[in-house]
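Have a look at the structure below, then the notes.
The values are calculated or read from the model by the stated rules, or taken from the named source; none is laboratory data. Keep in mind that what you see is a predicted model, and the values were worked out from it rather than measured. Counting neighbours? That spans all protein chains shown, and the Cβs are built from the backbone with ideal geometry, glycine included. Heads up: the accessible areas ignore ligands, DNA and RNA and are worked out on the full protein's heavy atoms, side chains in. Shrake-Rupley method; radii C 1.70, N 1.55, O 1.52, S 1.80 Å.
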Amino acid sequence: MTTRMNRLAAQKLVESQRAYFASGVTKTYAWRRQQLGALERLLTERSADIEAALRADLHKHPTESQITEIGFVLAELRLIRRKLKRWMRGTRARVPLALLPASARTVPQPLGVVLVIGPWNYPIQLILAPLVGALAAGNTAVIKPSELAPASSAILAELIPAYLDPQAVAVAEGNADVAGWLLDQKWDHIFYTGGSRVATIVAEKAARHLTPTTLELGGKSPVFVDGTGNMRSVARRIVWAKFINAGQTCVAPDYVLVTPDAQDRLQTALVAAIRELYGDDPQQSADYGRLISTDHFLRLTSMLRLGTVVSGGRKEVGSRYLEPTILADVLPTSSVMTEEIFGPVLPVVSVPDADAAIAFINERDKPLALYVMSARRSVRRSFLQRTSSGALDMNVGVAHMSVPGIPFGGVGASGMGAYHGRRSFYTFSHERAVFSKPLSPDTLRLIYPPYTAKKSRFATTLLRRLS
Ligand code: NAD
């Protein structure tokens with residue numbers, strides 16, 4: 001169902017989904033599997049329309065759309081469909097001897113009616129990947145795509161009702177007002193991806209109903225380079241991770257910390273890698289994206305004044321084009337080093353060594369991702385042991401997102417909660433504890449009052465030993 005939203009419509013939508021959830025339809029394995037299959041068909045049958053929408057919103061190349069949006073969700077879907085039956089069974093737990101005979105297990109249950117709010121940068125993936133988790137776990141869902149990626153929002157609004165159970169999944173298109181009306185309702189879970197300013201609003205509104213939230217946020221993800229290893233390959237990996245989607249990726253390398261001896265070599269290699277991936281004039285490259293809005297263009301181009309442009313910097317406001325840009329000589333206090341950049345500007349900052357890089361990172365908010373490029377195991381281990389971040393990638397950037405076996409999410413300012421693969425299923429499930437004991441023999445009598453000396457002895461010695 002696609003809904004024209006206002007406050008009353010938001011209320012009615014949640015009421016109707018709640019009634020549908022109460023009917024029990026969405027809890028069955030058959031329904032969940034069928035919905036996941038339908039979503040898979042949506043993505044394969046209408047893949048060209050989705051690619052066109054992403055091209056219109058962000059100038060994404062169809063191959064990039066396949067890798068980072070359509071194919072990404074398909075991989076999640078296939079994994080979850082394969083494992084769903086097993087996950088739905090839950091797990092058994094060991095019962096302490098003192099409580100035997102008995103059995104203990106966890107049974108995952110759907111949470112109920114969930115709200116998914118998405119951003120504009122991966123407007124398909126970041127709505128549909130959480131939706132996969134919500135449906136796999138047996139919930140109903142209202143999804144609110146970003147109004148800043150209008151073509152992607154429109155294609156979701158067209159396709160979702162055509163493929164998925166319209167009583168269980170609704171698309172609410174619109175701006176912050178629409179999000180606000182939705183957030184005023186009582187949900188069983190809110191899954192929000194976006195910036196921290198709006199996340200505060202989401203968390204405040206959720207708190208009124210004590211609704212649990214997953215907050216997938218952003219921040220500044222650093223890269224450390226110490227000059228060991230193959231610099232060409234280091235530079236290529238940084239350039240790919242940074243400039244994919246024109247830098248508008250939550251886990252894009254935000255800035256590079258490099259040791260002084262390696263800075264010139266790195267900068268030269270970065271410039272060469274940009275040319276290798278996007279040609280002499282990236283504006284002519286079919287593979288290079290565009291910024292989402294004029295406001296975003298103006299914010300990013302104003303950052304170019306905050307350092308020395310090593311390469312790039314060419315721009316065109318009409319097409320929202322900003323060339324992949326390397327910036328040196330930036331002050332740690334300038335906005336390019338205090339705000340999330342979220343675009344194709346890469347500051348390179350010199351630090352004396354790995355210890356100084358770790359100190360620099362630890363003085364700031366915990367990042368969503370941290371990248372260490374070093375051939376030295378001891379350096380990589382230092383980052384593992386002495387820093388905290390949503391994810392840590394060694395000698396690669398961004399790619400951890402595509403490993404469904406590891407959770408994706410932030411820590412501290414970069415978010416709370418996680419998803420992908422198995423974790424998506426559990427994010428949208430309540431793991432209910434189920435404990436069962438036969439009525440006889442009534443061994444629990446041994447711990448009921450009155451507390452005789454014999455029972456006290458039992459509690460202090462035997463029970464401790466048996467637990
Ligand atoms: P945003 O916070 O501006 O918008 C996200 C969603 O919130 C949109 O659907 C929007 O309509 C809604 N919204 C906007 N104002 C609102 C309000 N006042 N009340 C309620 N809802 C409101 O984020 P964005 O600009 O679309 O995305 C950029 C941010 O998202 C960056 O910080 C980026 O790092 C982060 N991000 C994080 C991840 C992740 O997985 N962790 C992924 C992509 C983007």
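Does Val403 satisfy the criteria of being closer than 30 Å to Ala136 by Cβ and either within 16 Å of the ligand (Cβ to nearest atom) or in contact (Cβ under 8 Å) with a residue 12 or more places away in the chain (or both)?
Details: closer than 30 Å to Ala136 by Cβ: yes; either within 16 Å of the ligand (Cβ to nearest atom) or in contact (Cβ under 8 Å) with a residue 12 or more places away in the chain (or both): yes.
Answer is yes for this residue.
Restricting the range 281-322 to residues that are assigned to a helix (DSSP H, G or I) and within 16 Å of the ligand (Cβ to nearest atom), which is farthest from Tyr122 (Cα to Cα)? Here the answer is Met303. Checked against (1) within 18 Å of Gln125 (Cα to Cα); (2) of a type outside the set (Ser, Thr, Tyr); (3) open to solvent by 40 Å² or more (accessible area, probe 1.4 Å); (4) assigned by TED's automatic domain parsing to the domain that holds Asp393, Ala154 passes all but a single condition, namely (4).
Which of the residues belonging to the range 86-116 are within 16 Å of the ligand (Cβ to nearest atom) and either at pLDDT below 95 or open to solvent by 10 Å² or more (accessible area, probe 1.4 Å) (or both)?
Restricting attention to the range 86-116, the residues satisfying the condition of being within 16 Å of the ligand (Cβ to nearest atom) are 114-116.
Of everything in the range 86-116, nothing turns out to be within 16 Å of the ligand (Cβ to nearest atom) and either at pLDDT below 95 or open to solvent by 10 Å² or more (accessible area, probe 1.4 Å) (or both).
For the range 149-169, the set of residues classified as of a type in the set (A, V, I, L, M) and not in a helix (DSSP H, G or I) consists of Ala149, Leu164, Ala168, Val169, listed by residue number. From the residues in the range 245-280 that are part of a helix (DSSP H, G or I) and within 16 Å of the ligand (Cβ to nearest atom), which one is surrounded by the most Cβ atoms within 10 Å (Cβ to Cβ)? It comes out as Ala246. Against the test of being in contact with an Asp or Glu (Cβ under 9 Å, 6 or more places away or on another chain) and of a type outside the set (D, E, K, R), the options Leu84, Leu77, Leu99 yield a single qualifying residue, Leu77.
Condition test on Leu306, is it aliphatic (A, V, I, L, M), open to solvent by 30 Å² or more (accessible area, probe 1.4 Å) and touching a helix residue (DSSP H, G or I) at 6+ places or on another chain (Cβ under 7 Å)? Can you show your working first?
Working: aliphatic (A, V, I, L, M): yes; open to solvent by 30 Å² or more (accessible area, probe 1.4 Å): yes; touching a helix residue (DSSP H, G or I) at 6+ places or on another chain (Cβ under 7 Å): yes.
So Leu306 fits the description; yes.
For the range 223-237, taking the residues that are within 16 Å of Ala391 (Cβ to Cβ) and buried (at least 24 other Cβ atoms within 10 Å of the Cβ), the one that is farthest from the chain's Cα centre (by Cα) is identified as Phe224. For the range 106-148, name all the residues that are closer than 24 Å to Pro344 by Cβ and assigned to a loop (DSSP other than H, G, I, E, B). Hits for the range 106-148 are Gly118, Pro119, Trp120, Asn121, Tyr122, Pro123, Ile124, Pro145, Ser146, Glu147, Leu148.
Mind listing whichever residues of the range 370-407 are assigned to a loop (DSSP other than H, G, I, E, B) and open to solvent by less than 20 Å² (accessible area, probe 1.4 Å)? Show your work before the answer.
From the range 370-407, those assigned to a loop (DSSP other than H, G, I, E, B) are 374-376, 387-390, 395-398, 403-407; that's our starting set.
Within the range 370-407, Ser374, Gly397, Val398 qualify.
Consider Gly24 against the criteria (1) surrounded by 15 or more Cβ atoms within 10 Å (Cβ to Cβ); (2) free of Cβ contacts under 8 Å to residues at least 40 places away in the same chain; (3) within 30 Å of Arg105 (Cα to Cα); (4) not acidic (Asp, Glu): it satisfies all of them except one. Which criterion is unmet? Only one criterion in (1) surrounded by 15 or more Cβ atoms within 10 Å (Cβ to Cβ); (2) free of Cβ contacts under 8 Å to residues at least 40 places away in the same chain; (3) within 30 Å of Arg105 (Cα to Cα); (4) not acidic (Asp, Glu) is unmet by Gly24, namely (1). Regarding the range 353-361, can at least one residue be identified that is open to solvent by less than 70 Å² (accessible area, probe 1.4 Å), within 16 Å of the ligand (Cβ to nearest atom) and not assigned by TED's automatic domain parsing to the domain that holds Ile67? The answer is no, given that none of the residues of the range 353-361 is open to solvent by less than 70 Å² (accessible area, probe 1.4 Å), within 16 Å of the ligand (Cβ to nearest atom) and not assigned by TED's automatic domain parsing to the domain that holds Ile67.
Of the residues Phe191, Phe224, which single one is of a type in the set (Phe, Trp, Tyr), in a strand (DSSP E or B), within 14 Å of the ligand (Cβ to nearest atom) and in contact (Cβ under 8 Å) with a residue 24 or more places away in the chain?
On the way: Phe224 fails: within 14 Å of the ligand (Cβ to nearest atom).
From the options Phe191, Phe224, the qualifying one is Phe191.
Have a look at Leu13, Leu54, Leu36, Leu42 and point out the one that is over 24 Å from Ile80 (Cβ atoms) and either open to solvent by less than 70 Å² (accessible area, probe 1.4 Å) or not β-branched (Val, Ile, Thr) (or both).
Working: Leu54 fails: over 24 Å from Ile80 (Cβ atoms); Leu36 fails: over 24 Å from Ile80 (Cβ atoms); Leu42 fails: over 24 Å from Ile80 (Cβ atoms).
The unique qualifying residue is Leu13.
The condition of being assigned by TED's automatic domain parsing to the domain that holds Ile124, aliphatic (A, V, I, L, M) and over 30 Å from Glu323 (Cα atoms) holds for only one of Ala38, Ala52, Ala48, Ala56, that being Ala38. Restricting the range 239-258 to residues that are under 19 Å from Asp329 (Cβ atoms) and of a type in the set (Val, Ile, Thr) leaves a set whose member that is nearest to the chain's Cα centre (by Cα) is Val256.
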